[in-house]
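The values are calculated or read from the model by the stated rules, or taken from the named source; none is laboratory data. The model shown is predicted, which means the values in this text are computed figures rather than measured ones. Heads up, the Cβs are rebuilt from the backbone with ideal geometry, glycines too, and the neighbour counts pull from every protein chain shown. Ligands, DNA and RNA are stripped out before the accessible areas are found, and what is left, the full protein with its side chains, is counted by its heavy atoms. Shrake-Rupley method; radii C 1.70, N 1.55, O 1.52, S 1.80 Å.
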Amino acid sequence: MSSEKPKRGNRYPYNRLEECRWQPEEVARHMSALTSGPSSSAGSSSAATGHHLLHHGWSSPHVPFLRAKYGANVMQSDDDDDYDENEDESIMLTRDMFGHHLDHPRRRVPMRKRLKFVCKQHLPFVLPVLSALAQQMKEPLIIMLLFSAGISILLGNTTDAISIGIALFIVSLVAAIQEYRSEQALEKLAHLVPHTCTVLRDGRVLDSFPAQELVVGDLIMLATGDRVPADCRVVDSVELRVDESSLTGENHPVDKTGDGLNMVSSPTGTPPPVTQQRNIVFAGTLVNAGRGRAIVVAVGSRTEFGMVAQELSNVTTRKSPLQIKIDELGKRLAFLSSAFIVLIAIWGLVVGRPFLETLTVAVSLAVAAIPEGLPICTTVTLALGVLRMSKRNAIVKKLPVVESLGCATAIASDKTGTLTQNEMTARGAFCLAFPRSRFGFSGVGYSAATGCLMVTKESDGPLAQQPPSSDTRTIQGSSEEYIAVAALFNTACLCNNATVVSDVDSDLVEGHTGGPISGQPTELALLVGAAKANVTDPRPQYHRIQEVPFSSERKRMEVRARPVSGIHCCKAFEIAAEMGSLQSTPTAERRKSSDQSMYFVKGMPESILAECKFFVGPDGSPINLEDDHKAAVYTQSRRMAANGLRVLAMAYGVSLDQLTFAGVVGMEDPPRAGVAESVLQLRQGGVRVMMVTGDSKETALAIARRCGIIGATEGDLLISRPLDGELTLISPSSGQSLDIPPSSDGAFDLQDVELGATMAMSGTDLDSIPASTLSDSIVGVKVFYRVSPRHKLAIVRALQKHGDIVAMTGDGVNDATALKGADIGIAMGKKGTDVAKEAADIVLADDDFRTITMAIAEGKGIFFNIRCFLSFQLSTSFAALAMASIATAMGFPTPLNAMQILWINIIMDGPPAQSLGVEPVDERILNARPRKADDPIVTRALLLRAITSATLIVFLTLKVFSNELDDGSVTRRDTTMTFMTFVNCDLFNAYVCRSAEKCFYEMSIRSNPAFLWAVGGSLLGQLLVIYFPPLQEVFQTEALSLFDMLYIILLSSSVLLLDTLRKKFCGKCFNDGFHPSPLSKKENPSLFVRRRRLGGQGWVPLQAGSSHGPGRGKSIKSSWLNFRRGGGADKKESAMAL
């Protein structure tokens, strides 16, 4: 009999070959049988049927049993299989609930494993801390000190040996706790982006369901952009394609089907290769296109991904560049400190000090002076900064990204949902059947009860809500415009996957991904707009035959559907279907029209109009679509877009080459509150902000102006081209048009403005520019419109070629390449697909642009904090080494004993140092210029601060020591006064190291509670060392009088005076912290225009004095303009690059 322990996964009764062979209904039937035990009857009511599983999912009472018997969707270590009391309890619970007899007898578990389990459950910190403590005891310096303690025992100095042992235990325990905190912080980072999915349970579709809660047999819904949560058997699909490159290494997506596969079993019994399992989707793979439903067949370690993950569990994570720099710095400091300590020890032996005392002090000094805690402090600072950002909805997945945040010089942000609210509301519509009518919607949000569709004739106003008047009326079923409006909104509903119902038994559940309000904001706005127009959602009356999802390349979505009753829902569709059946001659067309099926299409106006041959007339009949009709649609679309509306066109027809244009709908997605202020802060801090969107130029520019991306911050000239084609320059400060005076020197003309100075560029323009000159051609461009994801990657590479550190936002499947190529990839947490989140470095939990601003400020602040605690640690190390060196060189006795030196090590590497790493971000940090990626950690200013602080600390400490040595012998009082002076100076130094530029009286005491707790704890510990008798014996101290304490405090507070003098009178030499961006000092900084002339690259002002138009008689400040040419300008020459 095998002694191998049974695994929970071994009880799963099916193999992969069987799962691939099954038809969809067989999959459901076999999975339903998993809830039936050997003792249950065939007619047991607890056993779900396959039909029930496919339409209602698992019932909640079955889930604990399935999780206990077949495992949960989590990766388990080997220790978890030794003893899992929760597993036993859950199996007993399900045995009582279902009456099943499970072959799972309770095992006899050794006491050691039971204690280990109890510690994990109730005291989770004990085992890691003890393990880290054991590792600390193996450090070479600690072993040397233990060796010296052993020699002390042999020589009869038991008291010294015990003191060294206790001090070593305290130091090692503090280091172990720090290491545990570091590991805990890093573990929390791994759980910041929990994986979720859409699952059917209890007849309800559950969105954002935790993937780790899945069990075998769960029915999940997959859609474009999702990450597959477990190994699943597909039961039905619509053009489902999955990217399995993370598992197989193949780059092309794989088509998935729900049909059974005719596979031949292997002679060895091995499962079929992953590449041949065309009806299985694997955990960790990404859905590239289409949608489908699948039943979970493997979870946790039984998945293909889980098997690979177990093999990789021992692979260590690479350190960030900053951590590597800190490690190298620590090694250099350790080498230099060791060299000094060796010299000190040799000199001490030369002058006749006892060997054991010299060895003990030298090793203790090495423990204190060598900053072995520097890497741990850095890791903790980075990790805690990341956790702090996660609480503010910026989830950083990788520590190196924190460094890049402080270096970011350019942000290319998506518009919808990031800069805007991502809550679409239909505001206007246009139908060619009534070209002189203006359709406007009242109300906002996703409730149809809040408004209605109104029509106004002969109105030249904006297409938005208009107050009721004699010329404005509400659209009703009897209105003359209703037939055309019904054709428009019926098309919008049929070509739609959103839903506003929660009943999964409703016919609307087809294509539904869960929730009372579920779907894309654009599609939700169309459904609500249809309800406001008194058009009932026609989808329950239609059977969807085919769907071609929206893609950024095609810019449209197509749905083919037929009426279930054979009768269309509106008159226009009936007419189109009848005419289509008469006109179609090919066999395929006759077959299509015989079942009354039609195509319904929505997308960008340019894409839809190009395919249309007719438009719907007032009575629903199709009318030939001429060029002037198309021009009218384009004009109305531009007017809507100029008001910041997103415009979508609708069309229908019996075939894709016989489409009838139904109309356009304009939807509003207003900017988020506070975005304009955030953009202003970033631009003033030297970060260039750009908008990248698929919307039209007019919509993009309208939103960009409202968000402050283009505007007065940099004195930008707004370039307007009305419908008459005349080009106008507008001063943002005055809002007046600028009249350009004639110039005879050829320095500037309007063609230069049109070709080079415009701040918007389309995806088509990007395609026409050679890659070699793209980086120069996009200098000054603030808005990229009508772009596809491949353009995003081109923009990223061009900016990087120009020397920028680029942050790129994205949410779609096709954005993944740009997110991965950017220095900082930022995915949307709410609307973003799992593919985008997987490729990104940061996930915005609230999809808010203001969160990016906060993250950049945090990234800058974290680096400054690292320099602050580095300054503190270096000054303490320098002081300890210098004090020992000077005392030895001058023949003084050792000022501090070994235990006291070890205590100083606790302060240097312990809580006070770490609390400097969590100093709150200064409000002015955002205005600091972006840091260069190759900036050194240790600067000249930092070294000067550390050296001057160390010099004062050494002077004060040795001054006290020399005063106490008047009697010629070293007593406990002498070392206690010296010890207390050094520690007090060090704590005052920690306070001034909180900021590189603020004086001590300018910093808020309460702004960093962690620092207060750390310093308070250090002071309490120091007082215990001085006044608590047992610790007095360990550290060889004695109680000091109140006068002594006041004297030491007054003396050590001179560190505050030194720091004030440095920061007030020598700031240029000692300040390496806050360097404001040039733009942060100017409210309206000038821009420049590059003069185009032969043989020159000069700069000339554009005189904007106006003598015509509305600006006559007013003096307008000289504006400056930068224009682009093929050769391009150097980035440093153009302030517009900011």
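One decimal place: the segment residue 343-residue 472 gains 36.9 nm when fully extended, by the rule 0.36 nm per residue minus the C-alpha distance. What residues of the range 878-897 lie in the reach of a label at residue 350, counting those whose backbone N is under 17 Å from a point 7 Å from the Cα along Cα→Cβ? Taking a point 7 Å out along Cα→Cβ of residue 350, the residues of the range 878-897 whose backbone N falls under 17 Å are 884-893. Cross-link pairs exceeding 26 Å between alpha carbons, from the set 801/860; 331/1068; 532/792; 782/998: 331/1068; 532/792; 782/998. Counting 0.36 nm for each residue step from residue 965 to residue 52 and taking away their Cα separation leaves a gain of 319.6 nm.
Between residue 924 and residue 1007, residue separation times 0.36 nm minus the direct Cα-Cα distance comes to 28.4 nm.
Using θ = phi - 60° in the Karplus curve 6.51 cos²θ - 1.76 cosθ + 1.60, the 3J(HN,Hα) couplings for the range 1020-1031 round to 4, x, 5, 5, 5, 4, 7, 10, 8, x, x, 6 Hz; x is entered for Gly and Pro. Each peptide among 818-829, 792-803 gets the average number of other Cβ atoms lying within 10 Å of its residues, and from highest to lowest they stand as 818-829, 792-803. Modelled this way, with points 7 Å down the Cα-to-C-beta line, the labels at residue 423 and residue 207 are 1.4 nm from one another.
Report note on the peptides 845-855, 410-420: ranked by the mean count of other C-beta atoms within 10 Å, highest first, their order is 410-420, 845-855.
Dividing the Cα radius of gyration of the range 203-251 by its Kirkwood radius returns 0.96 for Rg/Rh.
Would you mind checking 325/397; 415/457; 602/831; 391/830 for any pair whose Cα atoms are more than 24 angstrom apart? Violating the 24 Å limit, Cα to Cα: 415/457.
Centre-to-centre separation between the Cα atoms of the range 863-898 and those of the range 768-805: 52 Å. Counting only heavy atoms of the protein chains and using a 1.4 Å probe, residue 551 has close to 30 Å² of accessible surface. Spatially, the range 807-859 and the range 998-1012 are offset by 34 Å when compared through their Cα centroids. Note that the range 878-895 has calculated 3J(HN,Hα) couplings of 4, 5, 5, 5, 5, 4, 5, 5, 5, 4, 5, 5, 8, x, 6, x, 5, x Hz, one per residue in order, obtained from phi through the Karplus relation 6.51 cos²θ - 1.76 cosθ + 1.60 (θ = phi - 60°); glycine and proline are x.
Once you reduce the range 515-581 and the range 591-668 to the center of their Cα atoms, the two points are 14 Å from each other. Distant-in-sequence amide contacts of residue 688, defined by a placed amide H-H separation under 5 Å and a gap of 5 or more residues or a different chain, comprise 410, 411. Rounded to the nearest 10 square angstrom, residue 392 shows an accessible area of 120 square angstrom against a 1.4 Å probe.
What order, most packed first, do the peptides 397-409, 271-283, 471-483, 861-873 have when packing is the mean number of other Cβ atoms within 10 Å of each residue?
On the way: 397-409: 22.1, 271-283: 18.8, 471-483: 15.2, 861-873: 24.3.
Peptide ranking by packing, descending: 861-873, 397-409, 271-283, 471-483.
R0 = 60 Å: FRET efficiency of residue 1049 with residue 790, Cβ-based, nearest 0.05?
Details: r = 66 Å, r/R0 = 1.10.
According to the calculation, E is roughly 0.35.
If you sort 153, 341 by accessible surface, 1.4 Å probe, largest first, the order is 153, 341. Here the Karplus curve 6.51 cos²θ - 1.76 cosθ + 1.60, taken at θ = phi - 60°, turns the phi angles of the range 397-403 into couplings of 8, 9, 4, x, 5, 4, 5 Hz, with x standing for Gly and Pro.
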